[in-house]
């Protein structure tokens, strides 16, 4: 099996490959180096006849607090995306659809913070199971832009998506399951075992049939316009990057550092870092 620096790979039960984001000291911030290893490991598992199901989780206190805003994400991207306006959101969406288009089912196991790019990563998976006390949301709407991958209206409906986008608030794991973002929520100490129970059931169906079962659902969503809608959403994200608010926040981040910028962003809301956490957006 390949050697990785930023992810861990194991096979906890028969026919299940588990990938663990392994930057716990950075709240599993999604750097391009980590993303490159993740996409390589996903493809390797998808090609492996001994694997029927892939589980994706995070090491340490959370699933992922988002993209690594402390890095230059235009450098070292794991696959080519055409340059120009909106290159980054288009790149992100292409990555999400790479997961969407895998033959093997991918299960997200979410605990702790699942924010911004972390929520996009979880949303790209076929099944999502969360801890009751997980915190899921897209706080970047307060300072930068709507999501690169605008999945919220498709998963939780217009009204709830609008509330999330107009506040940047997070929802608990219990609320995420009730809204449709996640399949189910479980107490944190039960989450791993319950995810493996589901993975074992999914793995009972042969992969040649299971990939068609998976695509059957996807094709219906695509017929309703999900793929086209999410791709169109990248233009909204690119447009938001030209607003005076976004330019000012990015200037603040560069002048005072990411931690100070995030604290300033969330101070009036009383959550995020201002509630005692230390997360990237």
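Ranked by Cβ crowding within 10 angstrom, fewest neighbours first, how are 63, 79, 39, 186 ordered?
79, 39, 186, 63
Let me have the 222 nm mean residue ellipticity of the chain computed from DSSP H runs of 4+ only, each contributing -39500 (n - 2.57), with the sum over all residues rounded to the nearest 500.
Details: 11 runs with 126 residues, N = 281.
Rounded to the nearest 500, the figure is -13500 deg cm²/dmol.
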Rounded to 10°, Cα long-axis angle of helix 226-240 versus longest principal axis of the chain:
20
Cα long-axis angle, helix 87-100 against the chain (0 to 90 degrees, to the nearest 10):
20
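Stretch residue 246-residue 33 to full length: gain in nm at 0.36 nm per residue minus the Cα-Cα span? Don't skip to the answer; put the middle values down first.
On the way: separation 213, 0.36 × 213 = 76.68 nm, distance 2.57 nm.
Extending this stretch completely gives an extra 74.1 nm.
Please give the length that would be gained between residue 11 and residue 43 if that part of the chain were fully extended, namely 0.36 nm times their separation in residues minus their C-alpha to C-alpha distance (nm, one decimal). Mind showing how you got there, number by number?
Working: separation 32, 0.36 × 32 = 11.52 nm, distance 1.56 nm.
10.0 nm is the gain from fully extending residue 11 to residue 43.
Once the piece of chain linking residue 254 and residue 80 is laid out straight, how much longer is it, given 0.36 nm per residue of separation minus the C-alpha distance between them?
On the way: separation 174, 0.36 × 174 = 62.64 nm, distance 2.68 nm.
Going from the current span to full extension adds 60.0 nm.
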How big is the gap, in Å, between the Cα center of the stretch 157-176 and the Cα center of the stretch 233-257?
22
The helix 244-256 Cα axis meets the longest alpha-carbon principal axis of the chain at an angle in degrees, between 0 and 90 and rounded to 10, of 90
Relative contact order of the chain, defined on C-alpha pairs under 8 angstrom at six or more residues apart (%)
19
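Computed from the coordinates by the stated procedures, all read-outs in this text should not be read as laboratory data. All values reported here derive from a predicted model rather than from experimental measurement. Reconstructed Cβ throughout: ideal geometry from the backbone, glycine too, with neighbour counts over all protein chains shown.
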